[in-house]
1. Net charge near K205, counting Lys/Arg +1 and Asp/Glu -1 over other residues with Cβ under 11 Å of its Cβ?
2. Could you state the orientation-averaged shadow area of the convex hull built on the Cα atoms of the range 98-217, in nm² to one decimal?
3. For the chain, give me the percentage of DSSP beta bridges that are antiparallel, rounded to the nearest 5 percent.
4. In 5 Å bins starting at zero, report the fraction of Cα pairs in the range 1-136 per bin as a rounded %.
5. Cβ neighbours within 10 Å, averaged per peptide: list 145-154, 88-97 in order, most packed at the top.
6. What number, in percent, do you get for the relative contact order of the chain if the mean sequence gap of Cα pairs under 8 Å and at least 6 apart is divided by its residue count?
7. Take the residue pairs K174/K217; K74/K125; K79/K143 and return only those whose Cα atoms are more than 26 Å apart.
8. Report the Cα-based extents of the range 76-147 along its three principal axes, largest first, to the nearest Å.
Amino acid sequence: MTSKKNNKASALIPAAGMGKRMGKDKQKQFLMLGNMPVLAHTLKIFEGVDEVNEIIVIVPRGEEEYCLTNIVEKYKIHKVTKVIAGGKERQDSVYNGLKLVSDDTDFVIVHDGVRPFISKDIIKKSIELAKEADGVVAGVPAKDTIKRVSNDMFIEATMNRQHLWLIQTPQTFKYKIINEAYNKAYINDYYGTDDASLVERLGYKIKVIMDSYENIKITTPEDMIFAETIYKSRFGKLTMYRGKE
């Protein structure tokens, strides 16, 4: 008998950072990149992935109505079912969203709202691979030499770069696994560096898939300059964000 479930995926898009490192009056997720705000670019990608059934956006407390009106409704992102307030840390924000996903969700995809250059193919691939793996994360091999440094700034060791990857988002998991991982993290008062770290500590195996170095997380003014360059190379024109809404 065929299961009623159809590999439904819920996308959690944390965009609750206050953007202090950006040094702008407006949060980085709401800055213009070309013809749309950064967050709108990200949401549009997920909107176009058939396997994604719902999108929950997590924004700074007090910005829910702004995001709903000026991002979700303005750019006609129909799969967004909820715009909610984030928590103190990113992990708290994701947990707020995780508690609100649809009851029939099979997979949860977590993706940073300020990574606007994610591809639909990577999202689709991560969902497909998560059917067999405990979790799937996107990443790229480290290019630079990486050294472990002491608190007083002396080199302690040079790491073997062959086995070092820079992990990005999306990070995709079976709902039952990521829900268990988050619940146990809070029971143990544990905060990880990303969603996968919460799953890893329970002994689950996470698969890494090769993504693009262009899948950057926009955090600083330098990142925004890089993002503008990527945007211009893809679309041939750019409306500069500096000083504009």
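Throughout, read-outs are computed from the coordinates displayed, never taken from laboratory work. Computed from a predicted structure; not experimentally measured. Cβ coordinates were reconstructed from backbone atoms using ideal geometry, including for glycine residues, and neighbour counts include every protein chain displayed.
1. Every neighbour counted, the sum reads -2.
2. 9.2
3. Roughly 45 percent of the beta bridges in the chain run antiparallel, per DSSP.
4. 2, 11, 21, 24, 20, 12, 6, 3, 1, 0, 0, 0
5. Values: 145-154: 8.7, 88-97: 18.9.
Sorting 145-154, 88-97 by mean packing, highest first, produces 88-97, 145-154.
6. Relative contact order here is 24 percent.
7. On the way: K174/K217 24 Å; K74/K125 29 Å; K79/K143 37 Å.
Over 26 Å Cα-Cα: K74/K125; K79/K143.
8. So the three principal-axis extents are 42, 32, 28 Å.
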